[in-house]
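> Take a look at this one; I'll ask things after.
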Amino acid sequence: MTDPLAADTVPLPSLPTGRLQGRQVFVDAVRQAFEVAAEQGWNHITLSDPDFADWPLGERAVVDALNRWAHRGRTLKMLARHYDQLRLLHPRFVQWRVTWSHLIEAHACPGASGAELPSAMASPVWTLERLDPLRNTLAASVDAERRVALQERVNECWLKSVPAFPASRLGL
């Protein structure tokens with residue numbers, strides 16, 4: 001006998017792991033990660049990149065996934081050198097950030113070099129890091145040791161950073 005509820009459940013896509021390569025692979029992995037975050041209810045997500053210019057953050061599918069993910073007690077931690085390109089290229093995400101500002105902590109580390117500031121996404125269960133952003137060489141993993149090491153590198157930059165990317169800009 002089959003489970004009548006099984007037909008209604010859609011299996012979650014498995015997140016990629018291992019060494020990966022390619023711009024489209026990176027974009028697809030980020031999209032997929034936000035979908036899984038929404039479905040599994042990850043309590044926190046960390047995003048780190050010099051400027052997030054080539055991330056798919058402004059795509060409707062990503063913002064929709066973030067809307068499903070956003071609940072009380074969840075946090076999105078963002079770290080960048082600057083947010084100028086993100087504001088310019090990802091207006092949907094910028095608006096989402098305004099709506100959910102209470103869940104987001106964003107900092108800038110303008111003095112960080114490319115080697116210091118990882119281009120990465122981290123969660124409680126999975127990490128994605130661009131080892132070479134120019135060639136889009138990636139490492140994706142569910143390994144706890146790799147997750148902790150990445151989080152330590154991001155935290156080192158965080159300690160040298162300042163609050164940035166406010167939900168609103170007040171002008172006088």
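The values are calculated or read from the model by the stated rules, or taken from the named source; none is laboratory data. All values derive from a computational prediction rather than experimental measurement. Counting neighbours? That spans all protein chains shown, and the Cβs are built from the backbone with ideal geometry, glycine included.
> Going by the conditions given, is Leu170 at pLDDT 95 or above and either more than 17 Å from the chain's Cα centre (by Cα) or within 17 Å of Ala33 (Cβ to Cβ) (or both)?
No, not satisfied.
> Now for a different question. Filter region 54-69 for residues that are hydrophobic (A, V, I, L, M, F, W, C) and assigned to a helix (DSSP H, G or I); which is farthest from His90 (Cα to Cα)?
The residue in question is Trp69.
> Still on this structure, please answer the following. What number goes with the only condition from (1) under 17 Å from Met78 (Cβ atoms); (2) surrounded by 16 or more Cβ atoms within 10 Å (Cβ to Cβ) that Arg146 does not pass?
(1)
> Using the structure shown, decide if Leu138 is free of Cβ contacts under 8 Å to residues at least 12 places away in the same chain, within 25 Å of Gly22 (Cβ to Cβ) and not in a helix (DSSP H, G or I).
The answer is no for Leu138.
> For residues that are aromatic (Phe, Trp, Tyr) and more than 14 Å from Phe34 (Cα to Cα), tally how many sit in region 56-95.
Initial filter on region 56-95 (aromatic (Phe, Trp, Tyr)): 69, 83, 93.
Next, from what is left, pick out any that are more than 14 Å from Phe34 (Cα to Cα): 83.
Final tally of qualifying residues: 1.
> Here's a follow-up. Since Ala115 meets every condition but one in (1) more than 14 Å from Asn43 (Cα to Cα); (2) modelled with pLDDT of 95 or more; (3) among the aliphatic types (A, V, I, L, M), which condition does it not meet?
Condition (2) is where Ala115 drops out.
> Condition (residue is loosely packed, with under 15 Cβ neighbours inside 10 Å, modelled with pLDDT under 95, in contact with a helix residue (DSSP H, G or I) (Cβ under 9 Å, 6 or more places away or on another chain) and not in a helix (DSSP H, G or I)) applied to region 24-46: is it met by at least one residue?
No, region 24-46 has no match at all.
> Could you grab me the full set of residues in region 71-126 that are part of a loop (DSSP other than H, G, I, E, B) and without any contact (Cβ under 8 Å) to a residue 24 or more places away in the chain?
If the condition is that a residue be part of a loop (DSSP other than H, G, I, E, B) and without any contact (Cβ under 8 Å) to a residue 24 or more places away in the chain, then Arg72, Ser113, Ala115 are the ones that fit.
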